[in-house]
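First the structure, in the form of structure tokens, and then the observations on it.
The values are calculated or read from the model by the stated rules, or taken from the named source; none is laboratory data. These figures come from a predicted structure and were not determined experimentally. Here the Cβ positions follow ideal geometry from the backbone for every residue, glycine too, while neighbour counts run over all protein chains shown.
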Amino acid sequence: MPNRPLQSIFHGMTTLPAHDESTLDLTVNGDPRTTPVGTSLAAFLTSLDLDPRLVVVELNRAILRDRDAYGGIGLSEGDVLEIVHFVGGG
Amino acid sequence: MATSIAAETDTEFVIGGRTFASRLMVGTGKYASNSQMIHAIEASGAEVVTVAVRRVDLDRAKDEGMLHHLDPARYFLLANTAGCFTLDDTLRYARLARAAGFNEWVKLEVIGDQQTLLPDAAATIEATRILAAEGFRVMAYTNDDLISALRLEDAGAVCVMPLASPIGSGLGLLNPFAIRTIKHRLSVPVIVDAGVGTASDAALAMEQGIDGLLMNTGIAAATDPVRMARAMRLAVEAGRLAYLAGRMPRREVAVPSSPTTGMLGT
């Protein structure tokens with residue numbers, strides 16, 4: 001097991017980035033993203049340059065159908081978002 | 001959407017209580033450019049235009065979504081569940097599509113095999129039952145198999161969409177008998193979906209008496225998609241008219257078209 005000792009040597013030496021209390025860690029469309037604490041869903045979409053009328057948002061596997069409510073939905077640490085839209089297809 | 005020649009002498013094309021202007025429905029995939037797609041769709045005369053649901057590419061969100069190019073006021077956007085291999089994924093995609101807010105219709109596809117892209121009839125029937133109960137108008141893509149088609153109708157599909165041949169194959173209508181059988185036995189409309197490669201395929205499919213035709217690659221992968229879209233439009237009309245006109249019986253003997261009497265020298 002040539003790799004096992006190496007792994008144990010380096011384990012603990014890698015400095016994880018200190019968790020920033022002012023930001024939230026999210027997973028958006030499969031990729032990690034951060035956003036300031038207190039960001040609403042509406043503001044988050046705006047920060048991504050997305051028009052809420054042209055996308056559909058799923059937050060932690062729940063589809064958010066009411067776009068008018070996006071401004072009142074606050075994002076939380078660890079939220080998983082899927083943002084989808086219509087593309088060409090048969 | 002100009003009135004077709006066929007439409008003047010035809011019954012209305014109604015699916016799930018809604019009347020549609022054209023019996024030809026088209027997909028929006030595989031075009032070289034959005035401009036080419038728009039021109040082809042216009043040339044096809046289609047009203048129903050299918051779209052897929054996919055993640056927004058967050059690194060280039062602008063100018064990518066279909067809604068930047070297709071006017072939902074002009075076209076009836078029909079979301080599909082293409083690419084789904086499981087019941088759960090299919091339901092998730094259908095619900096996401098409905099949340100887009102245009103309509104409660106879905107072109108349901110549950111693919112059963114990566115290589116042939118043939119549909120998983122059992123999962124499609126189950127998904128149809130669940131989504132119909134949720135108020136979806138389910139247009140169910142399926143095999144050219146009568147029993148699957150009957151089960152989909154029972155499950156609440158507003159129309160059943162048997163394939164002509166595998167998706168993107170361009171092989172045309174492989175089993176006209178199976179399609180005719182399905183059409184004869186179902187009460188809901190039958191739309192042939194997938195496999196049409198050229199205009200004669202479209203006409204042949206329509207001549208079986210089906211209610212409509214859905215295609216994507218047959219137009220998009222043509223050398224000149226805009227021309228092919230027009231050809232498909234005419235072929236769907238021609239095939240429909242020929243069906244309504246009622247073809248002559250096939251005879252394996254020649255029958256002269258001109259009088260046999262009055263010949264010189266008799």
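Rundown of residues vs (1) aromatic (F, W, Y); (2) loosely packed, with under 14 Cβ neighbours inside 10 Å; (3) at pLDDT below 95, yes/no style:
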residue	(1), (2), (3)
A:T14	no, yes, yes
A:H19	no, yes, yes
A:V28	no, no, no
A:L54	no, no, yes
A:V57	no, no, no
A:I63	no, no, no
Legend entry - Only one of B:D120, B:D88 that is more than 20 Å from the chain's Cα centre (by Cα) and over 22 Å from B:I41 (Cβ atoms): B:D88
Inset, instruction - Could you please give the count of residues in the stretch B:203-219 that are over 15 Å from B:R180 (Cβ atoms), among the hydrophobic types (A, V, I, L, M, F, W, C) and within 10 Å of the chain's Cα centre (by Cα)? - result: 2
Legend entry - Per-region count, the stretch B:58-91, residues part of a helix (DSSP H, G or I) and at the interface with another protein chain (Cβ under 8 Å from one of its Cβ atoms): 3
Inset, instruction - Please go through the stretch B:42-57 and pick out each residue that is over 20 Å from B:M139 (Cα atoms) and at the interface with chain A (Cβ under 9 Å from one of its Cβ atoms). - result: B:R55, B:V56, B:D57
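To keep it simple, each residue is scored yes or no on (1) facing chain B (nearest Cβ under 10 Å); (2) in contact (Cβ under 8 Å) with a residue 40 or more places away in the chain.
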| position | (1), (2) |
| --- | --- |
| A:S47 | no, no |
| A:R53 | yes, no |
| A:V57 | yes, no |
| A:R65 | yes, no |
| A:D68 | no, no |
| A:G72 | no, no |
| A:L75 | no, yes |
| A:G78 | no, yes |
| A:F86 | yes, no |
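Residue-by-condition table, conditions (1) surrounded by 17 or more Cβ atoms within 10 Å (Cβ to Cβ); (2) modelled with pLDDT under 95:
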position: B:I5; (1), (2): no, yes
position: B:T11; (1), (2): no, yes
position: B:R18; (1), (2): no, no
position: B:T50; (1), (2): yes, no
position: B:A61; (1), (2): yes, yes
position: B:N80; (1), (2): yes, no
Legend entry - Failed criterion for B:H39 (all others in (1) part of a helix (DSSP H, G or I); (2) surrounded by fewer than 18 Cβ atoms within 10 Å (Cβ to Cβ); (3) within 9 Å of chain A (Cβ to nearest Cβ) hold): (3)
Legend entry - Number of the condition not met by B:D120 [criteria: (1) touching a Gly at 6+ places or on another chain (Cβ under 9 Å); (2) under 24 Å from B:F76 (Cα atoms)]: (2)
Inset, instruction - For B:R98, indicate whether it is assigned to a helix (DSSP H, G or I), in contact with a Cys (Cβ under 9 Å, 6 or more places away or on another chain) and at pLDDT 95 or above. - result: no
Legend entry - Residues of the stretch B:20-32 satisfying the condition of being surrounded by fewer than 24 Cβ atoms within 10 Å (Cβ to Cβ) and under 16 Å from B:G218 (Cα atoms): B:G29, B:K30, B:Y31, B:A32
Inset, instruction - Might you let me know whether the stretch B:119-136 holds any residue that is free of Cβ contacts under 8 Å to residues at least 40 places away in the same chain and closer than 30 Å to B:M248 by Cα? - result: no
Inset, instruction - Answer yes if at least one residue in the stretch B:119-128 is within 14 Å of chain A (Cβ to nearest Cβ) and at pLDDT 95 or above, and no otherwise. - result: yes
